[in-house]
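Data first, discussion second: the structure below is written as structure tokens.
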Amino acid sequence: MDPNEAFAELGRIRLADVDINSLMDKIAQLAKRAIPGAGAHSSLPIGLPVHEKVAGALSVYATETHAFDDDAITLAQTCAGFAAVAPANAHLYETQATLAAHMR
């Protein structure tokens, strides 16, 4: 599978309709089909947590098999937490802008 096809398929998943475990499984399945052709043999998908929901995913790839140890997973989870701030802020801004527009 071409990596662009895999990302297009992933984009068709509605996050509101999927729980975190099935989303991570889907990302891992797509990575296994798409990434070997690009030279990656390990993938580490981490959900972006926003208000106890998942707003997206941070996916890390490596050229070696079994490349991610516990420290790498912890680091990726930390980075995902930081990366989740942007969509959370965007949602908050949109909500506040809508509220302000209704108050006018």
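Contour minus end-to-end for V85 and D71, with contour as 0.36 nm per residue of separation and end-to-end as the Cα-Cα distance?
2.8 nm
Please list 3J(HN,Hα) in residue order for region 51-59, calculated via the Karplus relation 6.51 cos²θ - 1.76 cosθ + 1.60 where θ = phi - 60°; whole Hz, with x for glycine and proline.
Once θ is set to phi - 60°, the couplings for region 51-59 become 6, 6, 10, 9, 9, x, 9, 9, 10 Hz.
With labels modelled as points extended 7 Å from the Cα through the Cβ direction, what inter-label distance (nm, one decimal) is found for L99 paired with D25?
Taking the two extended label points, one gets 3.8 nm.
Here, each number is a calculation from the coordinates, and none is a lab measurement. Computed from a prediction, not measured in an experiment: that's the story for all the values here. Reconstructed Cβ throughout: ideal geometry from the backbone, glycine too, with neighbour counts over all protein chains shown.
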